[in-house]
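Worksheet for the structure shown next.
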Amino acid sequence: MDLNKYRMSEREIKRSTDLISLVPKSGVIALDIGARDGYFSRLLAERYSKVVALDLEIPMIDHPRIECVTGNLINLQFADKTFDLVFCAEVLEHIHPNQLQKACNELIRVTKDYLLIGVPFEQDLRLHRTTCSICGTTNPPWGHVSSFDETRLKELFNHLDLVKTTFVGETKERTNAISAWLMEFAGNPFGTYDQEEPCINCGNKLTPPSSRNLMQRLATRVAHVLMQSQQKLTKPRPIWIHLLFRRRR
């Protein structure tokens, strides 16, 4: 993925702007989880004396106030209550449901004051799925294995006080059981094969199916017609939900 192009898209600008608007105006030390190219780490460094940029592979960010480290959200290497702000956006949806509460507990543990969470809102994980050409299994889009609404997020962080909740964007994207089954039968030809995330089952790179037979093409067409009909009756919903929490005094 071309991150520079992605950052300049209208949807991403709205998401980024909203997240930064929720960040406290100043502080001593912040943690950016899933830092990737350091986009948010640099913005946080405008408000915090030090920012720790963490990812599964060490981020390459050249900035005097940013320290780059490797780490895993499931088992963070930091002491309790280390950070004035923990920033965690577009990360939790990649955590398996069996490990999700453990990951959230780690976020709570290292948070001294504020915790900012950003995730897709009520994402339909059946939509835009992929099929691995190596092991033949079905993958959720973009490696997203968890979906969230406001109630679930409040339950995951019920030991913190909720300061503010915001919603960003608007979409009517949803599918249904029949369309999802038909797309899977067709090999999920319109899945997110340009994603960086590999197959969640075998770890190999995902590639689109090389060909489809007549029955698979027909199944794809029927699935599209059903989804288009469904969207006419679907109410719009936000694309993202952002929540700012604070540790209880």
- Query: Would you pick out the residues in the stretch 155-175 that are over 13 Å from residue 119 (Cα atoms), in contact (Cβ under 8 Å) with a residue 24 or more places away in the chain and not aliphatic (A, V, I, L, M)?
  - Reply: 157, 159, 161, 164, 170, 171, 172, 173, 174, 175
- Message: Cβ contacts < 9 Å: first residue over 22 Å from residue 8 (Cβ atoms), restricted to the stretch 31-60; second residue outside any loop (DSSP other than H, G, I, E, B) and at pLDDT below 95, any location; separation 6+ or different chain. Result?
- Response: 47/27; 48/27; 49/27
- Return the residue satisfying two criteria in turn: it lies in the stretch 226-249 and is open to solvent by less than 60 Å² (accessible area, probe 1.4 Å) and aliphatic (A, V, I, L, M), and of such residues it is modelled with the lowest pLDDT. 227
- Could you tell me whether any residue of the stretch 187-205 is under 12 Å from residue 138 (Cα atoms), open to solvent by less than 70 Å² (accessible area, probe 1.4 Å), of a type in the set (A, V, I, L, M) and touching a residue at least 12 places away in the same chain (Cβ under 8 Å)? no
- Item | Failed condition for residue 98, given (1) without any contact (Cβ under 8 Å) to a residue 24 or more places away in the chain; (2) open to solvent by 40 Å² or more (accessible area, probe 1.4 Å); (3) farther than 25 Å from residue 158 by Cβ; (4) not aliphatic (A, V, I, L, M) | (3)
- Task: Looking only at the stretch 191-204, decide whether some residue is in a helix (DSSP H, G or I) and hydrophobic (A, V, I, L, M, F, W, C).
- Result: no
- Within the stretch 195-226, residues being charged (D, E, K, R) and either in contact with a Leu (Cβ under 9 Å, 6 or more places away or on another chain) or farther than 29 Å from residue 56 by Cβ (or both) number 4
- Query: Considering only the stretch 206-225, how many residues are open to solvent by 20 Å² or more (accessible area, probe 1.4 Å), within 22 Å of the chain's Cα centre (by Cα) and closer than 17 Å to residue 126 by Cβ?
  - Reply: 0
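With respect to residue 175, is the statement that it is over 15 Å from residue 244 (Cβ atoms), open to solvent by 70 Å² or more (accessible area, probe 1.4 Å) and among the hydroxyl-bearing types (Ser, Thr, Tyr) true?
Taking the combined requirement at face value, the residue does not satisfy it.
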- Cβ pairs under 9 Å, 6+ apart, first in the stretch 69-83 and of a type in the set (D, E, K, R), second part of a strand (DSSP E or B): 80/112; 81/111; 81/112; 81/113; 81/247
- Query: Could you list, in sequence order, the residues of the stretch 31-47 that are closer than 11 Å to residue 88 by Cβ and either of a type in the set (A, V, I, L, M, F, W, C) or out of contact with any strand residue (DSSP E or B) (no Cβ under 8 Å at 6 or more places or on another chain) (or both)?
  - Reply: 31, 33, 35, 40
- Query: Could you count how many residues in the stretch 144-183 are out of contact with any helix residue (DSSP H, G or I) (no Cβ under 9 Å at 6 or more places or on another chain), assigned to a helix (DSSP H, G or I) and of a type in the set (Val, Ile, Thr)?
  - Reply: 1
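The values are calculated or read from the model by the stated rules, or taken from the named source; none is laboratory data. Computed from a prediction, not measured in an experiment: that's the story for all the values here. Using ideal geometry, Cβ is built from the backbone for each residue, glycine included, and neighbour counts are taken over all protein chains shown. Side chains included, ligands, DNA and RNA excluded: accessible areas come from the protein's heavy atoms. Shrake-Rupley method; radii C 1.70, N 1.55, O 1.52, S 1.80 Å.
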